[in-house]
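The values are calculated or read from the model by the stated rules, or taken from the named source; none is laboratory data. Please read all numbers here as calculations on a predicted model, not as lab measurements. Heads up, the Cβs are rebuilt from the backbone with ideal geometry, glycines too, and the neighbour counts pull from every protein chain shown.
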Amino acid sequence: MMIFIITLGFFLVVGAAMAVGYIFQHKTLAGSCGGLASVGIDKACNCDNPCEKRQERERKAALEDNLKNKIDVRNL
């Protein structure tokens with residue numbers, strides 16, 4: 001039982017150290033193989049005709065980008 005507790009404690013310490021490193025580096029998680037970009041896929045959904053849910057998410061994202069980049073002439 002003592003070996004189990006020592007092993008569990010070791011894994012908890014290693015997990016906590018990795019979590020602290022991830023939080024302070026502010027990087028996205030990435031695999032060692034380079035992800036989808038290494039095989040020539042630009043996005044996770046690489047279909048020519050995406051589903052309705054995907055189209056709605058992309059439309060909302062485009063609207064949010066337009067609102068962020070909009071210049072408010074009242075404040076000029």
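Descriptive notes on the structure:
- When E56, E52 are checked against the criterion of being more than 19 Å from the chain's Cα centre (by Cα), surrounded by 10 or more Cβ atoms within 10 Å (Cβ to Cβ), at pLDDT 65 or above and of a type in the set (D, E), a single residue qualifies: E56.
Residue by residue, here is whether (1) at pLDDT 80 or above; (2) not in a helix (DSSP H, G or I) holds:
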{"position": "V14", "(1), (2)": "yes, no"}
{"position": "M18", "(1), (2)": "yes, no"}
{"position": "A30", "(1), (2)": "no, yes"}
{"position": "C33", "(1), (2)": "no, yes"}
{"position": "K43", "(1), (2)": "no, yes"}
{"position": "A61", "(1), (2)": "yes, no"}
{"position": "K70", "(1), (2)": "no, yes"}
{"position": "R74", "(1), (2)": "no, no"}
